[in-house]
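J.: Got a structure for you, written out below as structure tokens; questions coming shortly.
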Amino acid sequence: MKRNEVLDKYKWKLEDMIPSDEAWEELYNEVVNSIPKLKSFEGKLGDRSALLSCLKLNEEINIKAERVFCYSRMRRDQDGSVQKYIGFSDRANGLVSELGTATSFMESEISSQKEDYLASVIADKDFEPFDFMLKEIVRNKKYILSDKEERLLSMATRATDNYGEVFNTINNVELNMPTIETEDGPVKLTHGLYGVLMSSKDRGLRERTFKGLYGAFEALINTICATYAGSVKSDNFYAKARGYEDCLSRSLFSDNVPKAVYDKLIDAVHGNIKYMHKYIELRKKALGLEDMHMYDIYVPIVEDAELKLEYEKAFDLVIEGLHPLGEEYKNLLIEARDSGWIDVMENEGKRSGAYSWGSYGVHPYVLLNYSKTTHDVFTLAHELGHAMHSYYSDRAHGYTKAGYQIFVAEVASTVNETLLLKHLISTVKDRNLKKYLLSYYIDMFRTTVFRQTQFAEFEKIAHDMELSGEPLTVNSLSDKYYELNKMYYGDAVTHDKEISYEWARIPHFYTSFYVYKYATGLISAVNIVKNILDDPKSVDRYKAFLSAGGSDSPYNILKNAGVDLASDHPYEVAMKEFNDALEQLNKEIQ
Ligand SMILES: [Zn+2]
């Protein structure tokens, strides 16, 4: 379908953000012209009133620049064949990077001010919109080195920050992907196709695909190992150079999350790994397999049960599922549906997938490619979760405090998915659909909690090995990974030797200590949902979470919402939830 054939009611109203392309040009010029004004504050931030004016102007210009950026991107995303918006988007990119360069003096100049000056500024009511940001600069101060050392480190960074890029080149260009025999003839394997073939019912095909992919990685394993070892060394070097205990401490410090969270997560998963083994047994039974291999982990144990709902009906279902969040939330969902927040249908040239995005001061937007699958209904609930999180945070705060951090970013979206799932599981009559939903829920745990924690644990092992002087070789890394995999999947699986190379194909490992956040995000969401369903009054606490934006550390924000990730409780709740779902599914497939 061409974009002009899509009904208006299914299109987002980007005019709410910027009324016309002409207005975009004006706003773009306004930002360009304000940049020198902002730069004129350089060297003056030791003066209280200059500092305040600078922060205010910076906020004002950033709001406008964000709007210029979002508008151009979203116009391009709705139809990438329109040359005009490709041009807009390129110019917006340039503008944002120019603004970044022009304001790069701010953080270091603020950081270099005397402690008592900064403390008195933070305590000043006029600085309230910026107090948390200033506190963060002060918190980071102890890891800022002398000017000379900082210059050296920033020069070094340019020489050492390309390991991820090297890996991407290997992974996307150099890797010699095999040709796999399928029913429809031979096909060249790609990363995208791998996932599809691994869910195929044809076991032989799964085995060929699995061995084919790992064979391709094995052929380049020495190069990949050298690349990853370099990346780990570089991580440890920068952490040590700044005076952190290790790279994990550096990463958690920057997330403003206590180290206990990482340890609790790994301990809780170890302590409850029997549930993962139970799941593998259940899968073996459901698939009717004598022996189970690593290539049998992704084939669905329940047929897809498609709801095939028209968009309007899907939306009604989402409203129904999110009913526990109260009347105000429901009204906002209706507003989102009826007031042009959402771009619903697929059209030629439209970006694939789904997202929620927007710019401060305008309602959030959601991009979908709705095609009536059951998964699409969950995607709708998920993206609306992001949108509402932004809506509440923007409403409660000025621009600087409104943006929430990555650590909490997937919580609201997962709360919505979980609420909808639990609603459906308890109400659907169709047995196959119920099985499908249970297995959807269980897979969320398996892929998000267990798999990501396994990765998180491997990263820690690799970084610790390097720190203690143990060489990172193909054998040492693969042996560790293999042991870890045995512990996670248990005795019900034949541990094919190929899986010991899995570490070699994970792009996230080049952004170290990131993946644990997926696990803590799902665990937090499951706890919030339980609290809401057990006690409707806790919806208020959840609204406070949605409204908190980036006004405090993400750990505190979650703690205030009733989820203390440094304590055992949230992990116990989540593991029990996983086990309950397993029990239910077990009954259904008897
Ligand atoms: Zn999301």
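J.: In which sequence would Glu5, Glu459, Glu25, Glu218 go, from the one with the fewest C-beta neighbours within 10 Å to the one with the most?
T.: Working: Glu5 9, Glu459 23, Glu25 14, Glu218 18.
Fewest to most other Cβ atoms nearby, the residues stand as Glu5, Glu25, Glu218, Glu459.
J.: Okay, moving on. Reachable aspartates and glutamates from Lys9, Cα under 19 Å, same-chain residues fewer than 8 places away excluded?
T.: List returned: Asp77, Asp79, Glu310, Glu312, Asp316, Glu335, Asp338, Asp343, Glu346, Glu348, Asp376, Glu383.
J.: Classify segment 507-573: rounded, prolate or oblate, from the alpha-carbon gyration tensor (a ≥ b ≥ c, eigenvalue square roots; a/c under 1.5 rounded; otherwise prolate if a/b is larger than b/c)?
T.: Working: a/c = 2.36, a/b = 1.58, b/c = 1.49.
In terms of gyration-tensor shape, prolate.
J.: For segment 96-135, state which GluC sites (Glu not before Pro) are in a DSSP loop and have at most 10 other beta carbons lying within 10 Å of their beta carbon.
T.: Working: sites: Glu98, Glu107, Glu109, Glu115; in loops: none.
The qualifying sites: there are none.
J.: What does DSSP give for the chain in terms of the percent of beta bridges that are antiparallel, rounded to the nearest 5? Show your work: numbers first, answer last.
T.: Numbers: 7 of 11 bridges.
Around 65 percent antiparallel, to the nearest 5.
J.: Sort Leu565, Leu380 so the one with the fewest other Cβ atoms within 10 Å of its own Cβ comes first.
T.: Leu565, Leu380
J.: So if I restrict to the alpha-carbon atoms in segment 3-144, what is the Rg, and what is Dmax, the biggest pairwise distance, in Å?
T.: 18.9, 62
J.: Let me ask another. Sort His389, His397 so that the residue with the fewest other Cβ atoms within 10 Å of its own Cβ comes first and the one with the most comes last.
T.: His397, His389
J.: Counting other C-beta atoms within 10 Å, and keeping those with at most 14, which DSSP coil GluC sites (Glu not before Pro) do you find in segment 224-305?
T.: Answer by residue number: Glu245, Glu290, Glu303.
J.: How many angstrom lie between the Cα centre of segment 404-471 and the Cα centre of segment 324-368?
T.: 24 Å
J.: Write out the chymotrypsin sites (Phe, Trp or Tyr not before Pro) in segment 166-274 meeting two conditions: DSSP loop, and at most 11 other Cβ atoms within 10 Å of their Cβ.
T.: Details: sites: Phe167, Tyr194, Phe210, Tyr214, Phe217, Tyr228, Phe237, Tyr238, Tyr244, Phe253, Tyr262; in loops: Tyr244.
Passing sites in segment 166-274 do not exist.
J.: At a Förster radius of 22 Å, what calculated FRET efficiency corresponds to the Cβ-Cβ distance of Ile144 and Ala119, to the nearest 0.05?
T.: On the way: r = 17 Å, r/R0 = 0.77.
That gives a FRET efficiency of 0.80.
J.: What shape does segment 448-590 have by the C-alpha gyration tensor, where a ≥ b ≥ c are the square roots of the eigenvalues, rounded means a/c under 1.5, and otherwise prolate means a/b greater than b/c and oblate the rest?
T.: Oblate.
J.: Rounded to the nearest 0.05, what FRET efficiency do Asn256 and Ser567 have when you use their Cβ-Cβ distance and R0 = 25 Å?
T.: Working: r = 17 Å, r/R0 = 0.70.
The formula returns an efficiency of 0.90 here.
J.: Give the residues of segment 495-534 whose amide nitrogen is closer than 14 Å to a point set 7 Å from the Cα of Leu220 in the direction of its Cβ.
T.: Output list for this probe position: 504-507.
J.: Calculated FRET efficiency, Glu174 and His508, Cβ-Cβ r, R0 30 Å, to nearest 0.05?
T.: Taking R0 as 30 Å, the efficiency between Glu174 and His508 is 0.95.
J.: Could you tell me which of rounded, prolate or oblate describes segment 141-280, using a ≥ b ≥ c as the square roots of the eigenvalues of the alpha-carbon gyration tensor, with rounded for a/c under 1.5 and, failing that, prolate when a/b is larger than b/c and oblate otherwise? Let's see the in-between values first.
T.: Working: a/c = 3.75, a/b = 1.60, b/c = 2.34.
The shape class here is oblate.
J.: Which residues does the label zone of Thr160 cover in segment 230-274, counting backbone N under 18 Å from a point 7 Å along Cα→Cβ?
T.: Backbone N within reach: 230-252, 254.
J.: For Lys44, list the lysines whose Cα falls under 16 Å from its own Cα; do not include residues on the same chain fewer than 8 positions away.
T.: Reachable lysines: Lys56, Lys114.
J.: So what are the chain's ellipsoid semi-axes, whole angstrom, largest first, if each one is the square root of 5 times an eigenvalue of the alpha-carbon gyration tensor? It would help to have the intermediate numbers written out before the result.
T.: Numbers: eigenvalues 305, 201, 133 Å².
Equivalent-ellipsoid dimensions as semi-axes: 39, 32, 26 Å.
J.: Right, here's the next one. At 7 Å along the Cα-to-beta-carbon direction for both Asp540 and Lys372, put a label point, then send me their distance in nm to one decimal.
T.: Result: 4.5 nm between the two label points.
J.: State the extension gain, in nm to one decimal, for the chain segment bounded by Lys211 and Glu60, taking 0.36 nm per residue of separation less the distance between their alpha-carbons. If you can, show how the numbers build up before the last one.
T.: On the way: separation 151, 0.36 × 151 = 54.36 nm, distance 5.48 nm.
Computed gain between Lys211 and Glu60 is 48.9 nm.
We did not get these values from a lab; they are worked out from the coordinates using the rules stated. Predicted model only: the values in this text are computed from it and were never measured. Ideal geometry is used to build each Cβ from the backbone, glycine not excepted, and the neighbour counts take in all protein chains shown.
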